[in-house]
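This report refers to the structure that appears directly beneath it.
Here, each number is a calculation from the coordinates, and none is a lab measurement. These numbers come from a predicted model, not from an experiment. Cβ placement follows ideal geometry from the backbone for every residue including glycine, while neighbour counts extend to all protein chains displayed.
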Amino acid sequence: MTEPLIRHYGPRAYADHPPFLYPDYRSTIKRSPTHDLVSIVATLSETTGPGPVWSEIVEEDADLTTNAGTGGEAIGERIIVNGRVLDENGRGVPGTILEIWQANASGRYAHWRETAFPAPLDPNFIGVGQCRANERGEYRFITIKPGPYPWANHPNAWRPAHIHFSILGPALGSRLVTQMYFEGDPLLPLDPIFNSVPEHARHRLISHYDHDLTVENWALGYHFDLVLRGELRTPEEETEE
Ligand SMILES: [Fe+2]
């Protein structure tokens with residue numbers, strides 16, 4: 001019998017990830033565990049792959065400017081987000097499934113619970129995309145730059161522009177959920193979610209403008225690599241409420 005792939009991964013490296021309890025990020029006060037964590041043996045559902053549903057992914061899913069299926073294009077600053085999913089030795093992880101979700105150019109999510117922020121919805125933007133990394137671990141999304149948005153964490157709190165990422169490795173248990181930010185964003189030093197990541201690891205969450213990736217007269221390029229394990233691993237981040 002083939003050994004489950006997940007057993008090749010080491011334990012989570014807590015020194016590079018945010019703590020479960022980070023009081024400045026208010027939601028962690030209620031949802032962080034109050035007891036020691038208990039390790040459980042991985043079962044078949046964690047050690048096998050994402051399954052046939054992922055074969056449904058098509059190229060169009062990676063273009064968030066058009067994947068609303070309306071025939072129209074999303075409004076905003078069109079960007080290309082390109083990078084690699086890497087293992088701890090800098091090798092590309094082939095076939096990784098990447099999912100992203102984000103606010104629109106006005107900072108509003110297309111979600112029924114999103115009612116507090118009086119910013120316009122974009123009928124041509126659903127804010128969700130998927131793609132599969134190629135055999136070298138490379139991925140590419142086309143989207144619009146998300147706007148910052150307010151949240152109720154503290155007075156006058158605003159999230160920096162960000163794109164949420166979920167990456168699924170060769171098994172359902174090998175999943176990384178994180179956020180990508182934009183270099184130079186003035187809101188970054190004020191953001192408790194960004195600041196909950198240990199300082200030495202924060203730069204791994206910031207994408208960089210890449211002029212070689214930029215397409216003339218069409219879109220700006222941003223580069224963002226994700227490292228699943230090892231010293232350069234991408235810190236996990238929790239989703240704000
Ligand atoms: Fe968000």
>> Report the per residue volume, in Å³, of the convex hull enclosing the C-alpha atoms of the stretch 24-104.
In response: 233 Å³
>> Placing one identical point scatterer on every Cα of the chain and ignoring solvent, what is log10 I(q)/I(0) from the Debye formula at q = 0.10, 0.17 Å⁻¹?
In response: -0.50, -1.45
> Using 1/(1 + (r/R0)^6) with R0 = 41 angstrom and r between the beta carbons of HIS223 and GLU114, what's the FRET efficiency to the nearest 0.05?
Replying inline: 0.90
>> Could you tell me the calculated FRET efficiency between ALA15 and HIS208, based on Cβ-Cβ distance and R0 = 22 angstrom, to the nearest 0.05?
In response: 0.35
> Of the chain, which part is the longest with no chymotrypsin sites (Phe, Trp or Tyr not before Pro) in a loop (DSSP not H, G, I, E, B) and with at most 16 other C-beta atoms within 10 angstrom?
Replying inline: 113-217
> Hey, what's the Cα Rg ratio for the stretch 162-241 versus the globular rule of thumb, 2.2 N^0.38 Å?
Replying inline: 1.19
> If the chain between HIS200 and ILE75 were fully stretched, how many nm would it gain, using 0.36 nm times the residue separation less the Cα-Cα distance?
Replying inline: 41.4 nm
